[in-house]
Amino acid sequence: MSELDLNGINNMQYDVLREIGNIGAGNATTALSQMINARVSMNVPKVELLEFKELSDIVGGAEKIVVGILFTLGGDIDGMMMFMMDKVASMHLVNILLGNLQQSEPTDDTEFSEMGLSALNEIGNIISGAYLSSLSSLTNLTITSSIPYMAIDMAGAILSVPAIEFGKIGDRALLIETEFGDMDNYVNGYFILIPTLNSYSAILKSLGL
Amino acid sequence: MNNTIKVGMADANVCKPPDVITTLGLGSCVGIVLYDPVKKIAGLVHIMLPDSTKIINNSNKYKFADTGIDTIIQDMASLGAIKRNLVAKIAGGAQMFSFNNNLEMMRIGERNVEATKNKLKKLGIPLLAEDTGANYGRTIEFYPETGLLHIRSVGKDRKIL
């Protein structure tokens, strides 16, 4: 049973998708933790089938200002991977990484330096790479990823990009979402994996389902 | 009492004064406001894709520019709006990411705007104002009392159309 029907995902399929999120995000979180040399924990991944109008609720509302780093996926699976952080959290992350700890408390209006933006892009690259490579070795599927595309804007506006891709095939989006954060919740964000419907079937099939 | 009516992605609603109708965080989608200035009835539809005829699964009419506009006009008519009074204001259709290898994905915002304009033209509904394109998200609020569309974006001044 490898066909995935958006209207009737069974428990087994949910569990497997959640486990994929677990392994992928686990690796990504480890990579992040090594980079900032601090403990980063993550919650249990959620596999959610959402209507488009509910989509931006998962990251705390359509108007929340976030940094979204998007990768388009290729190879044996198609889709998108998005690494999303609160703007303020991402500034904390960049400050930790670049050792700018003396700087004043960032706010939504603080601008990134060019160095900061480039560091952030690279962080996105490394941890999404960790996510995807673990997914790839788990499933034995070849997964290639584009260069990172970054945008800093309202969550709803950023999520509209993957939503539109899903809109072409259905009225809902299926995504695997994991929230992570360090102990002080200083640096928190989300990994969102959004394969196309066919790719979900490919993933499930590769795992013998 | 004045309520703010929220419209989500691929969703629509209608509104009369003193209420306000809004959609948050428009990216490549387009927010289309239709307004009957005589009856002061407004409709807002948040479309995601240009053309329902190109997509097999098109049960949600509000997802597309063509069927979205048709359906919101019906919704407004049932509230008493008259089709020949209608005027339009639109916002959105941004290109959020600068994809360099995927032309189709890159132009989706632009195509949404084009499709919206074509549809309005076909129906003979005048487009009074627009704030479309560029690379940033928009939150829009429409006040049927005044007929004004307020647009907010990150790090930019509020625009009133």
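What follows draws every value from the coordinates through simple rules; no lab data is involved. As the structure is a prediction and not an experimental result, all values here were calculated from the model. Every residue, glycine among them, receives a Cβ derived from its backbone with ideal geometry; neighbour counts consider all protein chains shown.
Take every pair of alpha-carbon atoms less than 8 Å apart whose residues are at least six positions apart; their mean separation over the length of chain B yields a relative contact order of 26 percent. Full extension of the chain between residue B:6 and residue B:78 yields a length gain of 24.0 nm, computed as 0.36 nm times the residue separation minus the alpha carbon distance. Taking the Cα atoms only, what angle lies between the long axis of helix A:114-139 and the longest principal axis of chain A, rounded to 10 degrees? That works out to roughly 30 degrees. Computed over neighbours whose Cβ is under 11 Å from that of residue B:132, the net charge equals -1, Lys and Arg +1, Asp and Glu -1. With the helix formula -39500 (n - 2.57) applied to DSSP H stretches of n ≥ 4, chain A reaches a computed 222 nm mean residue ellipticity of -14000 deg cm²/dmol. In a DSSP loop and with at most 11 other Cβ atoms within 10 Å, the trypsin sites (Lys or Arg not before Pro) in segment A:17-121 are A:39. Secondary-structure-derived ellipticity at 222 nm for chain B, considering helices only, amounts to -6000 deg cm²/dmol, per-run term -39500 (n - 2.57) for DSSP H runs with n ≥ 4. Dipole orientation for chain B: of the candidates B:160, B:120, B:22, B:120 has the Cα lying most toward the positive pole (charges on Cβ; Lys, Arg +1; Asp, Glu -1). The length gained on full extension between residue A:63 and residue A:118, counted as 0.36 nm times the residue separation minus their Cα-Cα distance, comes to 17.4 nm. With respect to chain B, whose longest principal axis is taken over its alpha-carbon atoms, helix B:108-123 is tilted by about 40°.
Within segment B:78-153, the GluC sites (Glu not before Pro) that combine a DSSP coil assignment with at most 15 other C-beta atoms in a 10 angstrom radius are B:145. Highest mobility in the GNM of chain A, judged by mean-square fluctuation with C-alpha springs under 10 Å and restricted to A:120, A:17, A:141, is found for A:141.
For segment B:86-158, the set of trypsin sites (Lys or Arg not before Pro) satisfying both a DSSP loop assignment and a count of at most 10 other C-beta atoms within 10 Å is given as B:158. In order along segment B:39-52, the phi-based Karplus estimate (6.51 cos²θ - 1.76 cosθ + 1.60, θ = phi - 60°) of 3J(HN,Hα) comes to 8, 6, 10, 10, x, 10, 10, 10, 8, 10, 9, x, 9, 6 Hz; Gly and Pro are listed as x. Of the residues A:106, A:45, A:162, the one that moves most in a GNM of chain A with alpha-carbon contacts below 10 Å is A:106. Applied to segment A:59-70, the Karplus parametrisation 6.51 cos²θ - 1.76 cosθ + 1.60 on θ = phi - 60° returns per-residue 3J(HN,Hα) values of 10, x, x, 5, 9, 5, 8, 10, 9, x, 10, 10 Hz, with x for Gly and Pro. Note on chain A: with a GNM built from Cα contacts shorter than 10 Å, the maximum mean-square fluctuation among A:60, A:26, A:129 falls on A:60. Modelled this way, with points 7 Å down the Cα-to-C-beta line, the labels at residue A:207 and residue A:37 are 3.6 nm from one another. For the peptide A:52-64, the mean number of other protein chain Cβ atoms found within 10 angstrom of a residue's Cβ is 4.
Principal-axis analysis of the Cα atoms of chain B puts helix B:65-77 at an angle of about 10° to the longest axis.
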